[in-house]
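The values are calculated or read from the model by the stated rules, or taken from the named source; none is laboratory data. All of these numbers come straight from a predicted model, not from anything done at the bench. Neighbour counts are summed over all protein chains in view; Cβ atoms, including those assigned to glycine, are modelled from backbone coordinates with ideal geometry.
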Amino acid sequence: MKTLTENLIGWLDERLSIHALIEFSRKKQVPIHRGSVFYYAGGVCVFLFLLQLFSGILLLMYYRVGGESSYESVQYITSKVEFGWLMRSVHSWGANLMIVFVFIHMFSVFFMKAFRKPRELTWVTGFVLLSLCMVFGFSGYLLPWNELAFFATKVGTDIIGQIPIVGHWLLKIVRGGEDVTGATLSRFFGLHVAILPALLFLTMSAHLAFVQIQGMSHENTAPRKIPFFPNFFLRDVMFWLIVLNVTCVLAVFFPWEVGKKADLLSSAPAGIKPEWYFLAMYQFLKVLPAKILLIPGELWGIFIINAAALMWFLVPFWEPHLPERKRDRVLSLVGGSAMIVLIAMTLWGYFS
Amino acid sequence: MRQRFFFLCFLAQAVLIQSLSAQNQCVLCHATMGEDHEAILRAFEGDIHRQAGLSCHSCHGGDPEAADAGSAMDPSAGFRGAPSKKEMPQFCGRCHSDPKYMKSFNPSLPVDQELKYFTSNHGKRLKAGDANVAACADCHVAHSIRPAKDPLSSVHPKNVPQTCGHCHSDPVLMSAYHLPTDQLTKYSESVHGKALLEKGDSAAPACNTCHGNHGAVPPGVENIAHVCGMCHAQNEEYFKASPMAKAWETRKYHICATCHNHHDIRHPTTEVLSGETGVCKKCHSSDTAGFKTGTAMKEKLDQVEESYRETGGAILAAEERGMDVTDAKDLSDAARMGLYQARTAVHSFRVETVTEFADKSLEAAAKAKKAALDAVREFRWRRIGLGISTLLITALIILIYLKIKDLESSKK
């Protein structure tokens, strides 16, 4: 006699060909080599995205956007709603951890040269995902409408205004006016809960589809391979659980503060800084002289940052044109310098 | 290096004189008349009159465009020179008592300073021919007069005690008037002096807040309650409705100063009501109803203060654990408000009035303490919950690890 589960799987199999999917996963091989541990970073990013989605939806049930309600509703979530404090802290810590793992994933892909043909589009979509994550973080940071968030957003959006010709116009679009106000909060909220999740979901789907279509890099050179299902999948789950444990410990021991409510008329508190993932850019813009060759230093800074980001984005397209014997050395040099500069500028920004 | 410094000083002075002396012969001549005159020119740069576009001749008269001293300082050309002490109120009042003229600079500025000055003891004595009393320039410092809101001004709230103390702490000067000279020392040690001079709270009263500015007089027995009541209105109201008011009036006691003193007003603790060290025993022996009322009020206030202190400790403990204590803090604020109201109600000299507010405070403090302790308890539960879930997740991780090992070893 068939069990209920077997019956259910049979029913689904008739309609959705589940066995074919499982068979595909069993046949799919994952190469095991020295750098395999970094493969889990990508999976952790997906897990953290799901965690953000879950905690974000729960927060959305109580969060009320508006200059007079955002701060109060976050305060209500953390003090009155059952496990609201946990969801808010998990969401905040999850966001930070997600950016950490996106960076780890990106640098590991870079150093393993996994962006090379035919995986250029995987790299491109990955870069778009990183950018989306950072905009996610920036827009979400303002939503509690506290003093730190308000001034960090003011400083962050000020930079947009420095862009020549279209800067002021862009600034007004981002802020919904000349200054950071309730209008900014409303559009950041819309961006954070509707536009960005849709874009991230679509881009992530494309990114994962590319991985499935092209398979893992080093497939032919790795000393051994394991089936994706269940061997690699179980390893993935194991890492997800470790990250979940870390997130919970951080949420309980270092709960995210609600802070003081944003006051549009007060002066900025001393030492106001953006979130850590923008610190490197912020510090770079800060240390530039006021004028370089009669052009404002900040303008040079914005140009240099954008040029560097564009070069990084286009790595799979310019790298093949390098002389073959120098390619690996140049890549290691570029990747190593980028990592050192980012870490050093972030630390400098943090401690200055 | 030194030469360069002196050169820069010379340059700065030249620029200063140049800026003052544009078509002004007064400056050109007086700049060459020694250090005293140069100091006046330097000080005048920051003077409010200079900022308002006035110059030497605006007060002293004369012709600033005339090149020779005789024509420039010709009394027939309106030269008034420097006023004597006796002339000073009218000298300054020429403009400051003219509403039409003052309106062109600052419509909100009062124009009754001269009038008030002659109602003050300073003004009365000056009129009687005493040149030792304070006139305008003694408090406002001629040629470097700044508005009272300017921290560098001699009449800025933080500087007023020193400005008044300059004369009133001088025993030689005050001996002629048989006035004490310890007011500044006493004030500096008082609750008001500490708030103003140590904490920088410019809302705290300085000498002029109680004695008046230009019409400075010591408040008498009849009006001291009004003076203190300007800020402590509720205390005055309670006192006037209390059974003590009549007795005070009959005995001609200073309403506030009898218990709180004049210039050395200390922060009142419940010790003021204490049978041992308090002020009640000055009049009430231990077997009187008044003494018992004081003791009962003290006991109630001590209870409220202790309860409020305990609440603060509980809130701190919860805050240190990163817990949200917004509700507890709101309740604690209500408890503090009740405590202040109970303290103020002491001036009604009725135990039931003090008890009414004290009970409100105790109730709010109890709720605040409970909310804070609940938060501490919640924190413990969170840690226990975290511990359990961490253990479960870790067990799951180990199981998955063993499953992987099993899978891979069976394949081999």
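Quick check: anything in the stretch B:362-375 under 30 Å from B:Cys256 (Cα atoms) and in a helix (DSSP H, G or I)? Break it down into steps so the answer makes sense when it comes.
Of the residues in the stretch B:362-375, the ones under 30 Å from B:Cys256 (Cα atoms) are B:362.
Next cut, in a helix (DSSP H, G or I) only: B:362.
Yes: the stretch B:362-375 contains one or more residues that are under 30 Å from B:Cys256 (Cα atoms) and in a helix (DSSP H, G or I).
Looking only at residues in the stretch B:306-339 that are touching a Phe, Trp or Tyr at 6+ places or on another chain (Cβ under 8 Å) and at pLDDT 95 or above, which one is nearest to B:Phe379 (Cα to Cα)?
Looking at residues that are touching a Phe, Trp or Tyr at 6+ places or on another chain (Cβ under 8 Å) and at pLDDT 95 or above, I get B:Ser332.
When the residues of the stretch B:358-392 are filtered to those that are crowded, with 16+ Cβ neighbours inside 10 Å and either at the interface with chain A (Cβ under 8 Å from one of its Cβ atoms) or polar (S, T, N, Q) (or both), which remaining residue is nearest to A:Phe232 (Cα to Cα)?
If we take residues in the stretch B:358-392 being crowded, with 16+ Cβ neighbours inside 10 Å and either at the interface with chain A (Cβ under 8 Å from one of its Cβ atoms) or polar (S, T, N, Q) (or both), then B:Thr390 is nearest to A:Phe232 (Cα to Cα).
Is it true that B:Leu402 is without any contact (Cβ under 8 Å) to a residue 12 or more places away in the chain, under 20 Å from A:Val249 (Cβ atoms) and within 14 Å of chain A (Cβ to nearest Cβ)?
When the stated conditions are applied, B:Leu402 does not pass them.
Listed here are the residues, each with its yes/no results for (1) over 22 Å from A:Phe201 (Cβ atoms); (2) among the polar types (S, T, N, Q); (3) not in a helix (DSSP H, G or I).
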{"residue": "A:Trp11", "(1), (2), (3)": "yes, no, no"}
{"residue": "A:Arg15", "(1), (2), (3)": "yes, no, no"}
{"residue": "A:Leu21", "(1), (2), (3)": "no, no, no"}
{"residue": "A:Phe24", "(1), (2), (3)": "yes, no, no"}
{"residue": "A:Pro31", "(1), (2), (3)": "yes, no, yes"}
{"residue": "A:Gly43", "(1), (2), (3)": "no, no, no"}
{"residue": "A:Leu50", "(1), (2), (3)": "no, no, no"}
{"residue": "A:Ile57", "(1), (2), (3)": "no, no, no"}
{"residue": "A:Glu72", "(1), (2), (3)": "yes, no, no"}
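With the requirement that a residue be assigned to a helix (DSSP H, G or I) and buried (at least 17 other Cβ atoms within 10 Å of the Cβ), what does the stretch B:282-294 give you?
B:Phe291, B:Thr293, B:Gly294 - these are the residues of the stretch B:282-294 that are assigned to a helix (DSSP H, G or I) and buried (at least 17 other Cβ atoms within 10 Å of the Cβ).
Among A:Phe101, A:Phe115, which is assigned to a helix (DSSP H, G or I), of a type in the set (A, V, I, L, M, F, W, C) and in contact (Cβ under 8 Å) with a residue 40 or more places away in the chain?
Every option except A:Phe101 fails the conditions.
Suppose we filter B:Thr295, B:Thr250, B:Thr288, B:Thr277 for residues that are of a type in the set (Ser, Thr, Tyr), farther than 18 Å from B:Leu339 by Cα and touching a helix residue (DSSP H, G or I) at 6+ places or on another chain (Cβ under 8 Å); which single one remains?
Residue meeting the stated conditions: B:Thr277.
Among what's in the stretch B:300-355 and is without any contact (Cβ under 8 Å) to a residue 12 or more places away in the chain and either touching a Cys at 6+ places or on another chain (Cβ under 6 Å) or away from chain A (no Cβ under 14 Å) (or both), pick the residue that is nearest to B:Ser242 (Cα to Cα).
My answer is B:Glu352.
Residue by residue through the stretch B:96-114, note down the ones that are surrounded by fewer than 12 Cβ atoms within 10 Å (Cβ to Cβ), of a type in the set (Ser, Thr, Tyr) and over 16 Å from B:Asn213 (Cβ atoms).
Listed by number, the list holds a single entry, B:Ser104.
Those residues that are touching a residue at least 40 places away in the same chain (Cβ under 8 Å), outside any helix (DSSP H, G or I) and within 25 Å of B:Val155 (Cα to Cα), I need them from the stretch B:45-83; list them, please.
Listed by number, the residues that qualify are B:Gly46, B:Asp47, B:Ala52.
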